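The values are calculated or read from the model by the stated rules, or taken from the named source; none is laboratory data. The shown structure was predicted, so the numbers you read here are calculated from the model rather than taken from an experiment. Note that each Cβ is placed from the backbone with ideal geometry, even for glycine, and that neighbours are counted across all protein chains shown.
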């Protein structure tokens, strides 16, 4: 007997823990990635020839041996580009497809080879003879500053109140520096593009990209074609994490160049090592801070400088370093604040988007300041965090002058501290550490507040296209891309909910610039917020037409038409959805619609550093417990408890996956993932043998993850859900702080360990040693 | 007697290949030639596991299945084997295998690119272990990277899959005898000899043929599991000519445990050696767990680990500390060498042209000897050591140290003993003061390099720390000197 109280739900509607739409294909090996697409006859394989200097003039480039190599059909250099030799995503014309004149990082593409097989192209690409005249190379933040601090874009300055005066007047004041490493995306599917030439010089590109519209524009720009000559399509990516927001441009452009020049399909898939060497990563930062505070640990004034190694071009470094500043507060109110970014140009690969987009680095500055205050005053860092949370009269304005209206951080932290038994465990750990000679434990709880919206306001728009066929099945297309995050599943759930039809009746189709134009990148956690709303709008347009038709046909008022699971109630009768659709078709009702959405209320004036750049904030908190070996610096993350909010979750299973996956990825960034360049500017950690992302055995042996309940988004987002792609990444700050807590035990918590990231065993041991030497 | 045809089973299909590139990888053949596209390439170096397949070999009348990385497995080395890929698991009617169903039920895939590799690694676990504990699951999945899920749902799937089907009714378990019989028909004593593009490949079936081939081709590259040699091809694009594959030689795959020693043929894989190593000393078992992932342990050999001559060498430091010796053979001539003398300099070993490593002998420790080996790496599992220290101490009735053998990897151009440290230890009592003196002496023994795995300063400091850990653990009074013990204590 049905539960009278429970509303009837459509299978796979919103809020159901529906499996990823491709799960069956994933586990059976049937999911098609770009390298799996049937290869057209005559397809050529491409490979890139890469620069072997970090900074040098190209004196001569002899590609004779490349052209003569077995299987080679063509070699392409900048001279072969009919349009512009540039794929800068921000219009700065500082990102050449192929370097000319000067190379500006080790691994920069110089030319491309087309051959019958990939192996032939790859072997030939190594045969280029390039004569270089070295120019002094600037490889990191310190060197960039020493060389005059050239910037790749304008810095941002945020200010509220009078930080200098507050610092001068504060009863306590301290300064410090934190270094934060970068991170390789390590998407399992590397960069890849398959271009197929069409008539009139047109080209279709299958690109593993988060941003098909940008790839379309870049290919057109490079080939000298109008955008309408280029179609970009992507069904799914094998991971992206920001690494395919702009970085796919070059690969797509080269494939399209070869395809249009040769009149053959062309595929470019670099080896993992070349992918890691030649594509951008998360920015590493040097954060300088100066904080004044009172006896209770309240921040009175703070001044931050966030210097980032941006690499050889701007790429997205402007918005990334901006977002770092937007998160220099994390969850904390600063009465007086001044913060500046320093986006430094270096002779390293141009750094780019990566989950969190500068936000994680920004927050680490805030959390370091909290930690410094706690150690200076001998307080539990949690107490200092709580003392500084946003909230209360006049304590709700960010450094960029947006009000924090939806603050749930204090409640989440309280709830988590209780459920994870933080206080008692902290006491037990301190007792343990008093008697443990070698192994020391640490615990920390850190919150997250992450701003949701692209800070480039115009990006906050989306389109969708929905067709209802006469058999009642639905074809769904939207501008977002599927990279594993379950976006397509969530958007399909929204459409199924709108029509009240079984999710299995909704077909998710590949993202294509030919179906939905002028889309934004699937980035900034915005995928389901934007595309869910656009798809819902399209579906509701059709539903409205159906409702109007039904009302007219049956002579009832429109409000007496209701969409129920699988059927429509019209007055006193119920009609199967499919039957209504058929009738509507016969009556010549349009069963296709586009949908559009733009985020309301947001605005941002970068020049003044004021505005309302974020539609809302997403919150979470985590407690981590670790054990370190003070003889070697080795450690284990033993237990993690997470409480994270997703508003009214569209799909709790998918959201949980984002939370767990984001946390572990963040933990990798802050622990074992270390990018290491040698003195010549060569990245030496360019494969999984040398670059270590977390393994299953790195997952804490106790890993409690809870999605907060009863926290509907205050804003009218899609079904009052919240974005969940990036925010959980920053929950991993708890691990760094727990390691720091363990290190601090060696001097009885008298000194802030100032543990930098990534906290490799080597850095942990160095911190232990430094503290002991100074104690 | 030679043949130039390679025969194996792909699922149930007999594949008979001629004129194949000897260093073509199984992955490239699956994807490019067969267009069997479920198996993915993530790194082409045996570190990410996206290309994982299961390879079956006949053993004692049935099949033994193990996962391997197809990206670094040379195609002709599959002769006489059965290859199973992700496409072979679901039934013809589309019913998923319990491994696949469990991953789906637990939301174990996001982008899905690593998923076929996880499916196959879990499938190997399913075939070989009933109800593994978390430690066994971790060990089975150390060779698979996932960047999306954070692994929690995959761990859940590894537990759940056993509830979704009857292992004993699995067709790949019940069909083992029949498959082994089919493959027996492929077995012969003939050497496989391939010529392709001017390059030569030999795969002798027995040690006598191997010895003869190496006399004729003394500079041949010898490959067994090819977990390193494979990368010479996939990463360095080296041309290997001639290449001699020794994996068919059963006589090199023997394990003999006696009261005095453990003797391993050069072809014994890490996986095969693991139980015997653990019986020799639990510390050795603990080390084996931290070498590669399951795929690499299944393919890679102890002999290869030695003969390869890596400056780090996971097993050489403890084997040197234990006083192991190796037997090298050229033609019918054999010589025995202390392992420590095999490593001459970076990239140079005491192996003459035409000579091959035949076996390894590890003497048993006296019952009261103290021994430990510690590997330090950036990531705990499936990482190359920043350093690896092995320590062995014998004491007389008064507790005075009569012999000390200390060996390190990652601290010099070869795995190497620490004579100054040993001198400080020998003749002294095993005390903290002795340990501190001996630790300080390590600075005289080693001048390590700085690289991406660790700085020189860290290596030196950690090396001293490892000796202190050895003291604290063995001298008693410090039950929590080891992080593994700490972990189990915390969650017992």
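If only residues of the range A:471-487 that are farther than 18 Å from residue A:563 by Cβ and more than 14 Å from chain B (Cβ to nearest Cβ) are counted, the one that is surrounded by the most Cβ atoms within 10 Å (Cβ to Cβ) is A:478. Among the residues of the range B:375-410, those that are within 14 Å of chain A (Cβ to nearest Cβ) and in a loop (DSSP other than H, G, I, E, B) comprise B:377, B:378, B:379, B:380, B:381, B:382, B:383, B:384, B:385, B:386, B:410.
Checked against (1) touching a helix residue (DSSP H, G or I) at 6+ places or on another chain (Cβ under 9 Å); (2) over 30 Å from residue B:109 (Cβ atoms), residue A:322 meets all criteria but (1). Among the residues making up the range A:555-584, those that are more than 36 Å from the chain's Cα centre (by Cα) and part of a loop (DSSP other than H, G, I, E, B) are A:555, A:556, A:557, A:566, A:571, A:572. When residue A:653 is tested against (1) within 10 Å of another protein chain (Cβ to nearest Cβ); (2) more than 26 Å from residue A:537 (Cα to Cα), just one condition goes unmet, and that condition is (2).
In the range A:688-698, the residue that is farthest from the other protein chains (Cβ to nearest Cβ) out of those that are free of Cβ contacts under 8 Å to residues at least 40 places away in the same chain and under 22 Å from residue A:659 (Cβ atoms) is A:694. For the range B:116-136, the tally of residues that are more than 14 Å from residue B:49 (Cβ to Cβ) and surrounded by fewer than 23 Cβ atoms within 10 Å (Cβ to Cβ) stands at 10. A single member of A:121, A:74 is more than 27 Å from the chain's Cα centre (by Cα) and buried (at least 22 other Cβ atoms within 10 Å of the Cβ), and it is A:121. Looking only at residues in the range A:666-677 that are touching a residue at least 60 places away in the same chain (Cβ under 8 Å) and facing another protein chain (nearest Cβ under 7 Å), which one is nearest to residue A:730 (Cα to Cα)? Per the criteria, the residue is A:672. From the list A:194, A:151, the one residue that fits, being within 14 Å of chain B (Cβ to nearest Cβ) and touching a strand residue (DSSP E or B) at 6+ places or on another chain (Cβ under 7 Å), is A:194.
Being in contact (Cβ under 8 Å) with a residue 40 or more places away in the chain, within 28 Å of the chain's Cα centre (by Cα) and not in a helix (DSSP H, G or I) is true for just one of A:395, A:385, A:355, A:368. Which residue is that?
Only one candidate qualifies: A:355.
With respect to residue A:704, is the statement that it is under 27 Å from residue A:452 (Cα atoms), assigned by TED's automatic domain parsing to the domain that holds residue A:758, surrounded by fewer than 22 Cβ atoms within 10 Å (Cβ to Cβ) and more than 22 Å from the chain's Cα centre (by Cα) true? The answer is yes for residue A:704.
From the list A:759, A:738, A:742, which one is buried (at least 22 other Cβ atoms within 10 Å of the Cβ), within 14 Å of chain B (Cβ to nearest Cβ) and part of a loop (DSSP other than H, G, I, E, B)? Exactly one of A:759, A:738, A:742 is buried (at least 22 other Cβ atoms within 10 Å of the Cβ), within 14 Å of chain B (Cβ to nearest Cβ) and part of a loop (DSSP other than H, G, I, E, B), namely A:759. For the range B:420-453, taking the residues that are closer than 30 Å to residue A:686 by Cα and out of contact with any strand residue (DSSP E or B) (no Cβ under 7 Å at 6 or more places or on another chain), the one that is nearest to the other protein chains (Cβ to nearest Cβ) is identified as B:452. Do the conditions hold for residue A:508, that is, is it under 29 Å from residue B:147 (Cα atoms) and in the same structural domain as residue A:411 (by TED's automatic domain parsing)? For residue A:508, the condition - under 29 Å from residue B:147 (Cα atoms) and in the same structural domain as residue A:411 (by TED's automatic domain parsing) - is not met. Can you name the number of the only condition in (1) closer than 27 Å to residue B:309 by Cα; (2) part of a loop (DSSP other than H, G, I, E, B) that residue B:371 fails? Unmet for residue B:371, out of (1) closer than 27 Å to residue B:309 by Cα; (2) part of a loop (DSSP other than H, G, I, E, B): (2).
One residue stands out in the range A:18-37 among those that are more than 8 Å from chain B (Cβ to nearest Cβ) and assigned to a loop (DSSP other than H, G, I, E, B): the one that is nearest to residue B:153 (Cα to Cα), namely A:18.
Of everything in the range B:1-26 that is assigned to a strand (DSSP E or B) and closer than 30 Å to residue B:111 by Cα, the residue that is farthest from the chain's Cα centre (by Cα) is B:10. Restricted to the range A:407-436, and to residues that are modelled with pLDDT of 95 or more and assigned to a loop (DSSP other than H, G, I, E, B), which residue is surrounded by the fewest Cβ atoms within 10 Å (Cβ to Cβ)? Among those that are modelled with pLDDT of 95 or more and assigned to a loop (DSSP other than H, G, I, E, B), it is A:421.
Residue-by-condition table, conditions (1) part of a helix (DSSP H, G or I); (2) within 14 Å of chain A (Cβ to nearest Cβ); (3) under 23 Å from residue B:96 (Cα atoms):
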{"residue": "B:130", "(1), (2), (3)": "no, no, yes"}
{"residue": "B:144", "(1), (2), (3)": "no, yes, yes"}
{"residue": "B:155", "(1), (2), (3)": "yes, yes, yes"}
{"residue": "B:177", "(1), (2), (3)": "yes, no, no"}
{"residue": "B:182", "(1), (2), (3)": "yes, no, no"}
{"residue": "B:187", "(1), (2), (3)": "no, no, no"}
{"residue": "B:194", "(1), (2), (3)": "no, no, no"}
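Scanning the range A:38-71 for residues that are touching a residue at least 12 places away in the same chain (Cβ under 8 Å) and within 13 Å of another protein chain (Cβ to nearest Cβ), we see that the one that is surrounded by the most Cβ atoms within 10 Å (Cβ to Cβ) is A:47. Being touching a helix residue (DSSP H, G or I) at 6+ places or on another chain (Cβ under 7 Å), in a loop (DSSP other than H, G, I, E, B) and free of Cβ contacts under 8 Å to residues at least 40 places away in the same chain is a condition met by at least one residue of the range B:224-238. Provide a single number: the residues in the range B:75-98 that are crowded, with 22+ Cβ neighbours inside 10 Å, closer than 30 Å to residue A:662 by Cα, out of contact with any strand residue (DSSP E or B) (no Cβ under 6 Å at 6 or more places or on another chain) and facing chain A (nearest Cβ under 8 Å). Residues flagged as crowded, with 22+ Cβ neighbours inside 10 Å, closer than 30 Å to residue A:662 by Cα, out of contact with any strand residue (DSSP E or B) (no Cβ under 6 Å at 6 or more places or on another chain) and facing chain A (nearest Cβ under 8 Å) within the range B:75-98 amount to 1.
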